[in-house]
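Just so you know, all these numbers are worked out from the coordinates, no wet-lab data involved. What you see is a predicted model; the values in this text were computed from it and never measured.
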Amino acid sequence: MPSTVASIRPDLSWAHWRPAVTTGAWVVALFAIGMLLTRAYAVPLRTELAAHALAGAAVFVASAVVAVLLPMLTNLPLVPLAVLAYGPATTATLLLAGWLIGAMLAFAVGRRGREAILERFPSVMRHAQIERLIDPRRRLLSLTLLRMTFPVDLLSYALGLFSPQTGWRDNLLSTALGAAPFAVLFAWFPTLEAAQQALLFGLCTLAFVAWSAWVLRGRPPGER
């Protein structure tokens, strides 16, 4: 693990983290709005969603795919609706499926559409040195850690564009491993009581701060 973090450390700074943190703050805010609206109109929403369960699931997965392909979008405000209709386990599965499909499509587009992507999403250039962030001896582990650190959308494009050593299998597995905890977290969060939500949010915030400090310092917690 230290060698993996050491290989990542030289290129990571607040300039790399700031867009991810800003995006994360907006996502959390929109997710909270979705939760509030779902709770306020739970009865009519549940009735309507039950009448169109299959179509709703297809739309939810498609929205997750589009949210990965178009980095300025997010489908997380729809998660509370999906939880209301299908329950947390199914919602987490659908959300992860959408992210996986989107990540693979973005990776494929990155492999073939360099000029168009750089023109429309110039922020991807922040990851031009992405290969330097990956330990060749622990490629899957490095990619999984990056998936848990950077937005899945831009990272998928960046890997397709700038990481010739990353294959389809590595991209698929790292997305599944890195994104699965977040799919579960978002799907189960709306089912918790307010006090539990506040506690979980606080713990996740602390975990993110600790993880950020660890990566930026280049050494595991507790190592001197």
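Would you mind pulling out the separation of the Cα centroids of segment 179-202 and segment 131-175, in Å?
Rounded to whole Å, the Cα centres lie 26 Å apart.
Using θ = phi - 60° and the Karplus relation 6.51 cos²θ - 1.76 cosθ + 1.60, list the HN-Hα couplings for segment 182-192 in order, rounded to whole Hz, with x at every Gly or Pro.
Coupling constants for segment 182-192: 6, 4, 5, 4, 5, 6, 8, 4, x, 7, 8 Hz.
Could you give me the radius of gyration and the Dmax of segment 89-168, taking only the C-alpha atoms into account and expressing both in angstrom?
Final numbers for Rg and Dmax: 12.8, 39 Å.
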